[in-house]
Amino acid sequence: MAEPAATLARRLWEAIEPLHAAPYFSPHHRRISLDLGMSGYWMGYFAGRAAPLGAMTAAPVESMFFSFPDRRVARALPEAWACAEPGTVLEARITTARLVLADHLREVSRRDLDTLASYLEMAADGCHFAGRPLAAGWSSPGRTHHPGEHSTSPQTHRIRVRRRRPLRQALDHSSGRRVP
């Protein structure tokens, strides 16, 4: 029996999910969470994913992350916000992504990075977020940019907030080049 044809959305998810998931499973994630004073993997995970929405309590995060046991979320939130403000956690999450993507994108050409960024941003621009509060939260928060900086401690960063797509920001930093 043949497998059903994958939808365009499913094929896109399969293509870019490794970029999204890699930071959560890297040693950088754990180290940065501990640097922020968070106890355990899950506190850093839930705080990092929910950070663009602000200092939320467990109930709305449990609803958005419905595949996780409620108790697991409740053990992490709102306690995580006593360790670090959501903006600091967001910066740490972006720092983690930069570090991890740097390991994977160093050998990618400027042309290929430009093409990848353009395609992913076109796809993101075509998304609608009705009924998807987490996606809406991640769609346009102010981002920080630190050209050429590779610090693993978010507290040491010189913060300059810019409205930039997170993908372009990660690609800029990871490749050591500015992607237009």
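Since every read-out is calculated from the coordinates, none of them should be taken as a lab result. Predicted, not measured: the structure shown is a model, and the values here were computed from it. Note that each Cβ is placed from the backbone with ideal geometry, even for glycine, and that neighbours are counted across all protein chains shown.
Quick look at the numbers
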read-out	value
Segment Ala6-Ala59, extension gain: residue separation times 0.36 nm, minus the distance between their alpha carbons	15.8 nm
Exposure proxy order (Cβ contacts within 10 Å, fewest to most) of Thr96, Thr57	Thr57, Thr96
Dimensionless Rg over Rh [the range 1-146; C-alpha; Kirkwood]	0.99
